[in-house]
Structure formats: structure tokens, C-alpha cells
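The values are calculated or read from the model by the stated rules, or taken from the named source; none is laboratory data. Because the structure is a prediction, the values reported are computed rather than measured. Here Cβ is always computed from backbone atoms with ideal geometry, including for glycine, and neighbour counts include all displayed protein chains. For accessibility, only protein heavy atoms count, side chains too; no ligands or nucleic acids. Shrake-Rupley method; radii C 1.70, N 1.55, O 1.52, S 1.80 Å.
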Amino acid sequence: MDTTPNYMMALLKILGALGLLIYGMKQMSEALQKMAGPQLRHILGRMTTNRWTGMLTGIGVTAAVQSSSATTVMTVSFVNAGLLTLAQAISVIMGANIGTTLTAWIISLGYDVDLTNLVFPAFFFGMVLIYRQRHRYVGDFLFGTAFMFLSLVMLSAAGREMDLAHNDDVVSFFASFDTQSYFTILAFLTIGTVITCIVQSSAAVMAITIMLCSTGVLPIYLGIALVMGENIGTTATANLVALGANRQARRAALAHLIFNVIGVVWVLCLFYPFVNLVLRIAHGASLPVVLAAFHTCFNITNTLLLIGFIAQIEKLCMKLLPDIEEKQEPFRLQYIETQLIKTPEIAVLQAQRETACFAKRMQEMFGLVGQLLHENSDKEFQKQFSQIANEEDFSDQMEMAIANYLEEVSNAHLSDDTKLKISKMMRQIDELESIGDACYNLARILNRQQESGKHFTESQLANIMKMMMLVESALNQMNHVMQGHRENKNAKQTFYLENQINDLRNQLKADLIADNSKREYGYLVGTQYIEFISECEKLGDYIVNVVQARLGN
């Protein structure tokens, strides 16, 4: 009977197991992010007061979501939105490198402990919780965990099935490499880097490394070289995500690469003494545990050595990616980058920042209307009017860009809280675009008056200024509500100002009837006057709608 292992079938099993591992890790990470929800954002935003709290935050968040890539992408997103400085981001990234070592321990556990008995109960309880909508994210987490454990069981079984330790060709192939040669170490480090960049999962490459080492065919020195390469390769995710982000965000991603490369360089200089020290510490342990121990020792030591040089790393990043004067584009969003959708909870924060920027821009547009009202020069008037028309086009584009972004985010599996925020934000941008339309309508009224040669009386101008001051106050209040945490805001002042706007509109309408009987001005001027006042009142309504949508009323 032929007992030769079927290597093709075993290879397919390994590839399938790696696919399950990547999927399981992704499912776990996304479920944990949904369970954490806004708290995850608040932790990253608040717990970075100094380099040590930043590092601890990076450790905690990465250990919680089981993905250093997710933490790094979140951090790049925060830098892109202006919520974290580059120095704060570097400290979080350093912590993320330590937090990700937990993944290596979980994988090594899968080779030392039979996890079969945990897989099927996790699948069963996960399915039960998913069908019970209230706890479906816990169910998603259990499902992801079950897939991850199942993949480790499959990898371990495939490794035993291949029986590489008794395959003379494989053994002689790996034995042909001189483990005492720096050239060999560099070659395997490069292989680890390239493979990790391609598969975009350091966990998958770590699993393969542990499997090869556990069979005894891959010497521990070469396995450690692969692990070092994985540390560099895993930085590719954040750098790819940051390509479309702003310069500060690209610097944060570059800092991740610089930090890991510096770590690999100093370990290479002390490679054999450092590895031998780890081997003595982990004396008697299995090879999977030795690899996990090296991964942990390397990242902890590297962080402790470099955490005092955050300012220098920051300067190096700024030197490599200096500030340049960029040509102003007619339309460009400040905070939204489609590459950052990978983390939906953070993507919603990006959209909220952009929506707040939209609100600020609409207030500036209203200010341009006020300037147009007092412009006497025909040339300057037309220049101002064209600028307002351009702003109206911008508001239309901004509404569509944010809406398309939110729709793309909505395609991901989101928490109920995030879905509600997206719904509210859709309403906010619709009302903000209406504010832009109203401002343009006001400008058009003034433009028609300019063309007719008829102008408002001093009394009408005084009343218009009263109305515009009320609207300006309402816009100020709206932008106050749009900034920061909505839990600390209320709509009382906005409602008070809207009532004042309505009362003034009613009063001016009543006064208009009396003015008409006195024939103080012509019909055209009276019509334009009340049309202007009515458009301002509509503006007040749109402002209330924005505030209500923001506060969830």
C-alpha cells in the first residue's frame, strides 16, 4: 500500500486553512470593533496624552481587535482627520506592534494544544447568538474565533500529513542553507517581507512559519528571519491606505515602516546573540512557543529602545515627506478618503468631520451674501456673485461626495449605532445643501435688483440686516452643535433664534402692507424685499433641521 503523502492535496488543505485563518481573524476584528463602537474611537482620541499612554492605548486596542493593521489604519485615519498629532500616532503604532504579538501566541497555542473541542461549541453558540439579534456581534466574534481555531487545527493536521521531517528532498533543501550566514538570514527576511506584502496578513505568514518550524524542517534561525520580515511586510497595509490621504497621514504610515525597519536593522546587527538569549529564556519550550517568544521580545525591546526617539522619528518623516505648496483644486474634500473605509466605525468619524466642514463652509457662503448686499461696483458685484454661484456648485458636489462615501460605508456590516449615525448624517448633508441653495437664491435676488437698477430703501436695508444678523447667529449656533460630541449640546438656542426669525418675518410682512399704502417704493422692490426676507426665514428652518439631525431629534 502506497503511504507516500499526497502533497498536492496537502498543499490545497494548507491554502484553504490559510484562507479560513485570514477570514476568521477579519471576522473577529470587525466584530470586536462593532462591539466597541464609538468607545474605540474615544479611547484612541483621548488616551494619547503622552508617549506612554499612547503606547498603552496601541497595545490595548490591538490586543482587543486582534489586528495591528486595523489599529494602524484607525491611527492614520485619526491623523488624516486632524484628531491625532504625528507624535501621538507614532506612540500608538509602537504599542500596536506589541499588541499584535498576542496573535502569535494564539497561533502557537493552536499547534501545542488540540483546539478541536473548542471549535464546534464556538460554531454552535455563535450561530445561536447571531440569530438572536441582540447579541449578534458576540456571535460574529465566536464564529470568527471558531474559523481561526479550525484553520489552526487544519494547518497542524496538514503539516503532520505532509510529514516533511521524513522527506529527504525537503530536509536537504532547508539543510542546504547556512544558518550562520547573514546572507541566508537576509534572504529569508526578504522572503517574509514580500510574502506578507502580497497576502496582506502577517498572521497567515506567521502560521506557515510556525507550521514549518514545528515539523522540524525549517531551522529556528530561518523561522525567526521570516518573522522579522513579517514585521516589515505588515506595514504595507497602512502605507497603501495612506496613499490617498493627506501628507500628515502619509507621514504616520511612513513612521510605522521606519520604526519596524530600525528594529530589524539593530536586531540583524545583534542577530545571533539576541536569538540565543531568547532561546535560553524559552529553554525547553516547543518551537512554536520559541517563535512567539522571539516576536514578543523583539517588539517589546524595539519599542522600549525607540519610544524616547519619537521626536526624531517625527522629524525624519517630515524630512522625507516635506510640506509642499499644492495647487488648489476647485473641489477637494478635506477629511474623507475612500481608502480609509477599511474601518467603518472610523470612516463614519471621517464623514462627520467632513460634514462639520460642510456646515462651516455654508456659513461662509452666507457671509458672501452679506458682502454682496453692500457692493456698489458692478464689476466687483459680478465677481462676488460668480463666487457665490461657484460655492453653490461646490455644495452640490460636497453633498454627493459625502453621500456616496456614506453609501459605500453602509455596504459593510455595521453596528446599529453606526447605521443610525449614517442616517442622521444623510439628513444633515441634505439640509446643508439646502442652505447653499437658499444662499444662492438670496444672491440671485440681489443680482436681479442690480440688473433692474432699483434698490432697497434705507429702512428695508436696516430690516434686512436685522434678519441677516439673526440668521448669522443661528448659523453660529449650528456650527457649535456640529463640532465635538453631540452629547454635550442642545437645540434650545437654535429654536429660540428660529422663533425670533419667524416673528421678524411676520412683522416685516405686516409692515409691508402699510408701506404699500404709502407708496414709499415700487412693486418690484417690495416683491424682492419680501422674497429676500422669506428666503432668510427658510434658511432658519434648514438650520433647525441640521441641528435636529445632528442631535438625533
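For L524 and D393 in the same chain, what is the full-extension length gain: residue separation times 0.36 nm, less their Cα-Cα distance, in nm?
In short, 44.3 nm is gained.
Give me the accessible area of C197, 1.4 Å probe, in Å² rounded to the nearest 10.
Surface open to solvent at C197 totals about 50 Å².
Structure shown: which of K319/K421; K421/K492; K319/K360; K360/K421; K315/K419 lie over 28 Å apart, alpha-carbon to alpha-carbon?
Long pairs (Cα-Cα over 28 Å): K319/K421; K319/K360; K315/K419.
Assuming R0 = 51 Å, can you tell me the calculated FRET efficiency for the pair R280 and E408, based on Cβ-Cβ distance, to the nearest 0.05?
The calculated FRET efficiency here is 0.50.
If you count only protein heavy atoms and use a 1.4 Å probe, how large is the accessible surface of I210, to the nearest 10 Å²?
0 Å²
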